[in-house]
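J.: Here it is: the structure, laid out below.
Each value in this text was obtained by applying a stated rule to the coordinates, not by laboratory testing. It should be emphasised that the depicted structure is a prediction, and the values quoted were computed from it without experimental measurement. Cβ coordinates were reconstructed from backbone atoms using ideal geometry, including for glycine residues, and neighbour counts include every protein chain displayed.
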Amino acid sequence: MSYLTSVRIPVFLICLTAIFFCLLFFISNIFTVKTINLEGVNDLYGIRQTKGQNLILLNIKSVKENLYKLNPTFSELTITKKYPSTLQIVVKLSQKIALLRVDRGYYTLTSQGKVLSRTRSEKLDNGLTVISYYQNFNYDDYHVGDIIDQTDILTALLLLLELRKMNFVISRLDINGPDMLVFRTSENQEIKASSEKKLEEQLIDLKNLIVKIKVENINYKSIDLRFNKPVIKIR
């Protein structure tokens, strides 16, 4: 091998390596996250950590898991890569439905039992149903983002959601036991239900009764859905 040939090979390799790293730098710079577009909220905790990262290599699943941990009040996050350098994030907020009275405070809950906030203030959101539970929770038993998974509470919350869809205004909910969920309306009426009976059956019974009540113009005091046949008390 001649001297010129032996010199050309290292020079060629050096040039090739230089071109490779220049190309890598160019691609890395082009596909770096520079813009984050948010829909549904103005800001997200932890979102700034994604700026400057490589969009191609960015793990969307990992980003979502981290954002859910840092933003527990969100019910859904959709993250889309828009090349060359943009992240599109759509956020849906969890909807609060009730206030659970606990020792020296309240939890704001979703219909799935997620704790959205905690407060010791007596200035409450008048649009939310206040729940009294037969077992008093300590204020620090649950934190924001935790799920209260007691069957009777979850059943009561789901039924509360359905009642709201049926235009009932429930001012108070007393959970006196698994078989005694008492929904008190703004018109001083009661709807009694149970977490030990299938929710679907109770909803069907209630909807059928409401049709009858409207057709016959019945002024009722209470509806009890806990039995095989619902019981209605007239004023």
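J.: Using only the alpha-carbon atoms, how far is helix 151-165 inclined from the longest principal axis of the chain? Give it as 0 to 90 degrees, nearest 10.
T.: Tilt relative to the chain: about 80 degrees.
J.: Okay, helix-only estimate at 222 nm for the chain: each DSSP H run of n ≥ 4 adds -39500 (n - 2.57), divide by all residues, round to 500 deg cm²/dmol; what do you get?
T.: Working: 4 runs with 72 residues, N = 235.
It comes out at -10500 deg cm²/dmol, rounded to the nearest 500.
J.: Non-local amide H neighbours of MET180 (under 5 Å, H modeled in plane, Pro and chain starts lacking H): which ones?
T.: Those qualifying (amide H under 5 Å, at least 5 residues apart or on another chain) are SER195.
J.: Taking the chain as a Gaussian network, Cα atoms linked when under 10 Å apart, which of ASP224, ASP103, ASP152 shows the biggest mean-square fluctuation?
T.: Evaluated over the chain, the most mobile residue of the options is ASP103.
J.: Just for the Cα atoms in the chain, what are the lengths along the principal axes, largest first, rounded to whole Å?
T.: 111, 40, 29
J.: Output ³J(HN,Hα) for region 192-209: one whole-Hz value per residue in order, computed from phi by the Karplus curve 6.51 cos²θ - 1.76 cosθ + 1.60 with θ = phi - 60°, and x for Gly and Pro.
T.: 9, 9, 9, 8, 9, 10, 4, 4, 4, 5, 5, 5, 4, 4, 5, 4, 5, 5
J.: So what are the ³J(HN,Hα) numbers for region 127-144, from phi and the Karplus equation (6.51, -1.76, 1.60; θ = phi - 60°), rounded to whole Hz, Gly and Pro as x?
T.: Taking θ as phi minus 60°, the curve returns x, 10, 6, 8, 9, 10, 10, 5, 10, 7, 6, 6, 4, 8, 5, 10, 10, 4 Hz for region 127-144.
J.: Using the Karplus curve 6.51 cos²θ - 1.76 cosθ + 1.60 with θ = phi - 60°, work out ³J(HN,Hα) for each residue of region 216-233 in order, rounded to whole Hz, and write x for Gly and Pro.
T.: Coupling constants for region 216-233: 8, 6, 7, 9, 9, 9, 8, 10, 10, 9, 7, 9, 4, 10, x, 10, 10, 10 Hz.
J.: Scale the Cα Rg of region 98-234 by the rule-of-thumb value 2.2 N^0.38 Å and send over the ratio, two decimals.
T.: This ratio for region 98-234 stands at 1.06.
J.: Also: Using a Förster distance of 45 angstrom, determine the FRET efficiency expected from the C-beta separation of GLU162 and TYR83, and round it to 0.05.
T.: Between GLU162 and TYR83 the formula returns 0.55.
J.: While we're looking at this one, here's another question. Would you mind checking which residues have amide H under 5 Å from TYR139's amide H? H placed 1.01 Å from N; only 5 or more apart, or other chain.
T.: ASP103
J.: Let me ask another. Report the calculated FRET efficiency for ILE218 and TYR134 (r = Cβ-Cβ distance, R0 = 22 Å), to the nearest 0.05.
T.: Values: r = 31 Å, r/R0 = 1.40.
Once the sixth-power term is evaluated, E becomes 0.10.
J.: Loop-only GluC sites (Glu not before Pro) in region 59-144, please: DSSP not H, G, I, E or B, and at most 16 other Cβ atoms within 10 Å.
T.: Those satisfying the criteria are GLU122.
J.: Note down, for region 54-139, the three equivalent ellipsoid semi-axes (square root of 5 times each alpha carbon gyration tensor eigenvalue), biggest first, whole angstrom.
T.: Equivalent ellipsoid of region 54-139: 36, 12, 10 Å, largest first.
J.: Once the Cα atoms of helix 3-30 and of the chain are each reduced to a long axis, what angle between those two axes, in degrees from 0 to 90 to the nearest 10, is obtained?
T.: So the inclination is approximately 20 degrees.
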